[in-house]
Amino acid sequence: MPPARDTPPPAGRAAPVTWQVAVPVPLPRLFDYAPLAGAPPTVPVGCRVRVAFGTSGERIGVVVGSAPMPADADTLKPVAALLDHAPLLHGELLDSLRWLARYSHAPLGEVLATALPGPLRHGEPLPDTRRWGWRLTRAGATALGGMRAGRPRQLAEALQAATVDEATLAAHHEGWRAALRSLDGRGLVERVGLEAVTAVDLSAGTAGPTPNDEQQVAIDAIADAGDGFAPMLLDGVTGSGKTEVYLRAIADCLARGRQALVLVPEIGLTPQTLARFRERLGIPVHALHSGLSDGERVRTWTACLRGQARVVVGTRSAVFLPLPEAGLIVVDEEHDGSFKQLDGIRYHARDFALVRGKALGVPVVLGSATPSLESLHNAITGRYAHLRLSRRAGHARPPRVRVVDIRKRPLQAGLSPALLADLQQVLDAGGQALVFKNRRGYAPVLLCHDCGWAAHCTRCSTPERGTPMTVHGGGRRLQCHHCGARRPVPNACPDCGGLALQPQGAGTERIEEALAGRFPDLPVLRIDRGTTQRRDALEQALAGFGDAPGILVGTQMLAKGHDLPNLTRVAVVGIDEGLFSADFRAPEKLAQLLIQVAGRAGRAEKPGEVLLQTHHPDHPLLSTLLSGGYPAFAAEELEHREAAGFPPFAHLALMRAEARQLDVAHAFLRDAREALAGLAGDALELSGPLPAPMPRRAGFQRAQLLLSCTTRGPLHAALDAALPAIRALPDARRVRWSLDVDPVDLY
């Protein structure tokens, strides 16, 4: 007969326990399972397991703890399989992910699943991350002299002297895979395993420019932080050499035998950053972003876990990489909104990088020419070290800014005669220009000139507010940028039958068409989401554009990080809609965008000029930026935020609800408000429920409840207390609802 539950086990034998498993389901709890038969006595915390879940089917979960075996242990399901011999998530990374689950009030199982690459989430084993290289066979050495000129011969010559690893081939030999397949098919080369490299040799890298005094101060400050947590804001104007500071800090980190993680906001920045880092450091630099295959992402993740990846450049999700020998974390363009995950587990990569940096005890460098007001406030109040780079590196000079008043002026595809004349002058002088329009597509709306009908999305419009569909494909296709719905442009107006359907306004496609017609003998290259969907498309497009005279037309994709030495003119069109937005963050976003895109001009020896085309030349935001730059704007905007009680002087959480009927969403949020009311006293302010700024999307009515508090503690305490009751509400199953702590968009 089994002993009673409270009977102590025999001496020398551990009490039986259950394994607590975090399963990736939207339930804020752990699940108890009986240990795997024959498993070692130590609970495998951080290892993946396959478990039966629900009435049928299996899930991949992570063991996160143990609990005493209950009296009814016979009813527990046993773990079906233990998938790892050693924990994948442990130590600092597991603790940080537990923190993220508590802070975001999200189920731990979903947070842990978010941190793992897809193949590991699905139960696949860790991949082989050995370094592989290629060398000529004896047959290859014999055949080399008779090979025809071309890439196969060039590659064979590179492999003649020594074995070359695949990362080096990728960095220095374009089209190496096809050439290698050709040689391998003829038996002229062979693949060999190489020793893993954890100690790096930086002697193969190239020397960089001599830092100026401001750069040297920043480099020394990062180096002096050593092995301790030190949050730093590297506040440098565009072109001031922030990347040079990063490179020298990373080199110091590598010299100490540590790993470095660099977060960038856009996939498009990754190839350029990788190439520069590989050239300067002379070592393999790994990448992690959504443009890679699942296999490539899981290999980078595993190489980090094993300490083989010493430098990683990645986008938002790279913040979850294991860093057993961490030495430095860099967040470039820290102000960028793409660091915030807007669905699923709503985390901010910049903020989580700071949490991890503190837990790891390493410096965290936040770099930007236009710091977020939250980071700037932390630097002003002394929470972050404030490192300033106030002038451009080398001999580059800041661009001159000129406002073009287009009131009562004729426009061609949104371009004024003055702007077109200026572009002609730049091109005649052999320069390049960037026409910036932060709206992709051909035109924002299709309108009937006879009756006023406009093409609206049937899934996102309401009787009170229509959501226009954007015209694409040179006027042949309509697309909703909110839900993705598409349909062809009608032949005639659906309301009056007239034929006077006209695209109104201009997007990047229409501007490209107009400029190509105006300058037929020069290249006009459009850079937006529509032209950069293929892997490395942006890098290849800019490389093909070269330094010859021409015009780039692009969205905010071109506003970040790209170094175009022959670009001397930037023309910004269509900024007026950002001057009057209801979003309290809109002025900050617009100011950052204008400063960032203006920074693309005149980054080398040639002076640059920026043209701001607007119907509101006297707007206070433009006046402040022109007279005092971003620092003056930020100081003024921080005063407005403090007076209004907005971040960084308050902490927000946004509860969103969607349902087919608006009254169902409102009823759920009213009940949620009642559950929250009074929990934090007067410290917690509740606004709503109210219709969302975009009240309908993809057929769902949308409403929201905003929570605001001057300090974080009462806000999270109220959520901790109220969420169990909110999840149990009858309407909770009738709506799609989410909680976003520290929202960046109140849409």
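State which residue is modelled with the lowest pLDDT when the search covers only the stretch 48-57 and only residues that are farther than 10 Å from residue 79 by Cβ and surrounded by 10 or more Cβ atoms within 10 Å (Cβ to Cβ).
Per the stated criteria, the residue is 53.
Between residues in the stretch 627-651 that are within 18 Å of residue 707 (Cα to Cα) and residues that are of a type in the set (S, T, N, Q) and not in a loop (DSSP other than H, G, I, E, B), which pairs lie under 9 Å by C-beta distance while being six or more apart or on different chains?
Filtered contacts from the stretch 627-651: 645/708; 646/708; 648/375; 648/378; 650/708; 651/708.
Please specify each residue of the stretch 124-146 satisfying the condition of being buried (at least 16 other Cβ atoms within 10 Å of the Cβ), outside any helix (DSSP H, G or I) and not β-branched (Val, Ile, Thr).
Hits for the stretch 124-146 are 124, 126, 127, 131, 133, 134, 135, 136.
In the stretch 300-341, which residues are of a type in the set (A, V, I, L, M, F, W, C) and not in a strand (DSSP E or B)?
Passing the criteria: 301, 303, 304, 305, 309, 318, 319, 320, 321, 323, 339.
Conditions tested, residue by residue: (1) part of a loop (DSSP other than H, G, I, E, B); (2) over 30 Å from residue 464 (Cα atoms); (3) outside the structural domain of residue 336 (by TED's automatic domain parsing).
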site: 658; (1), (2), (3): no, no, yes
site: 663; (1), (2), (3): no, no, yes
site: 679; (1), (2), (3): yes, yes, yes
site: 688; (1), (2), (3): no, no, yes
site: 715; (1), (2), (3): no, yes, yes
site: 721; (1), (2), (3): no, yes, yes
site: 747; (1), (2), (3): yes, no, yes
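Is there a residue being part of a helix (DSSP H, G or I) and either hydrophobic (A, V, I, L, M, F, W, C) or in contact with a helix residue (DSSP H, G or I) (Cβ under 6 Å, 6 or more places away or on another chain) (or both) anywhere in the stretch 429-440?
Within the stretch 429-440, none of the residues are part of a helix (DSSP H, G or I) and either hydrophobic (A, V, I, L, M, F, W, C) or in contact with a helix residue (DSSP H, G or I) (Cβ under 6 Å, 6 or more places away or on another chain) (or both).
Within the stretch 554-585, which residues are within 19 Å of the chain's Cα centre (by Cα) and part of a helix (DSSP H, G or I)?
Matches in the stretch 554-585: 556, 557, 558.
When the stretch 352-368 is examined, which residues are found to be closer than 16 Å to residue 226 by Cα and not in a helix (DSSP H, G or I)?
Scanning the stretch 352-368 gives 361, 362, 363, 364, 365.
Does residue 449 count as surrounded by fewer than 18 Cβ atoms within 10 Å (Cβ to Cβ) and within 26 Å of the chain's Cα centre (by Cα)?
Spelling it out, it is not the case that residue 449 is surrounded by fewer than 18 Cβ atoms within 10 Å (Cβ to Cβ) and within 26 Å of the chain's Cα centre (by Cα).
Has the stretch 49-61 got any residue that is hydroxyl-bearing (Ser, Thr, Tyr), outside any loop (DSSP other than H, G, I, E, B) and over 16 Å from residue 119 (Cβ atoms)?
no
Residues checked against (1) in contact with a Gly (Cβ under 6 Å, 6 or more places away or on another chain); (2) modelled with pLDDT of 75 or more:
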residue: 533; (1), (2): no, no
residue: 538; (1), (2): yes, no
residue: 552; (1), (2): no, yes
residue: 559; (1), (2): no, no
residue: 562; (1), (2): no, no
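Here are some residues: 735, 741. Which one is touching a strand residue (DSSP E or B) at 6+ places or on another chain (Cβ under 8 Å) and within 24 Å of residue 582 (Cα to Cα)?
741
Restricting to the stretch 589-624, name every residue that is buried (at least 21 other Cβ atoms within 10 Å of the Cβ) and either more than 16 Å from residue 437 (Cα to Cα) or outside the structural domain of residue 425 (by TED's automatic domain parsing) (or both).
602, 603, 608, 622
Among residues belonging to the stretch 483-526 that are assigned by TED's automatic domain parsing to the domain that holds residue 567 and loosely packed, with under 13 Cβ neighbours inside 10 Å, point out the one that is nearest to residue 446 (Cα to Cα).
So, considering only residues that are assigned by TED's automatic domain parsing to the domain that holds residue 567 and loosely packed, with under 13 Cβ neighbours inside 10 Å, the one nearest to residue 446 (Cα to Cα) is 517.
The values are calculated or read from the model by the stated rules, or taken from the named source; none is laboratory data. Quick caveat, the model's predicted, so the values are computed rather than measured. So basically every Cβ, Gly included, is an ideal-geometry build from the backbone, and we count neighbours across all protein chains shown.
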